[in-house]
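The values are calculated or read from the model by the stated rules, or taken from the named source; none is laboratory data. A quick note: this is a predicted structure, and the numbers were derived from the prediction, not measured. Cβ placement follows ideal geometry from the backbone for every residue including glycine, while neighbour counts extend to all protein chains displayed.
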Amino acid sequence: SQSMKKIVEINDYLLGTLAGGAADCVYWDRVLAKQCRMYELRNRERISVAAASKLMSNMVYNYKGMGLSM
């Protein structure tokens, strides 16, 4: 939509973009932000962009074919 913010902050150094259903995108961006923070707490280092992307890919793969709009 015109009033929806299309670029969202995942954390201080990662950004995400929205494409698809706004509710689905906002939900998954929040889940990714939480998982990135958990990674940082466990490993005591920043998560790479590639690792964050892989996390998102692995999370949404389980919903393949279920009409996820993102």
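Checking Ser53 against (1) loosely packed, with under 11 Cβ neighbours inside 10 Å; (2) at pLDDT 90 or above; (3) of a type in the set (Gly, Ala, Ser): exactly one of these is not met. Which one?
(1)
Please determine, by comparing only the residues of the range 16-49 that are assigned to a helix (DSSP H, G or I) and among the hydroxyl-bearing types (Ser, Thr, Tyr), which one is modelled with the highest pLDDT. Working first, answer last.
Step one: of the range 16-49, the residues assigned to a helix (DSSP H, G or I) are 22-43, 49.
When the remaining residues are screened for being among the hydroxyl-bearing types (Ser, Thr, Tyr), the result is 27, 39.
Values: Tyr27: 86, Tyr39: 95.
By that ranking, first place goes to Tyr39.
I'm trying to understand the selection: among the residues of the range 56-70, which are exposed (fewer than 12 other Cβ atoms within 10 Å of the Cβ) and of a type in the set (A, V, I, L, M, F, W, C)?
First, the residues of the range 56-70 that are exposed (fewer than 12 other Cβ atoms within 10 Å of the Cβ): 57-58, 61-62, 64-67, 69.
Across the range 56-70, the qualifying residue is only Met66.
From Tyr13, Tyr39, which residue is in contact with a helix residue (DSSP H, G or I) (Cβ under 8 Å, 6 or more places away or on another chain) and hydroxyl-bearing (Ser, Thr, Tyr)? Let's see the steps before the verdict.
On the way: Tyr13 fails: in contact with a helix residue (DSSP H, G or I) (Cβ under 8 Å, 6 or more places away or on another chain).
The match here is Tyr39.
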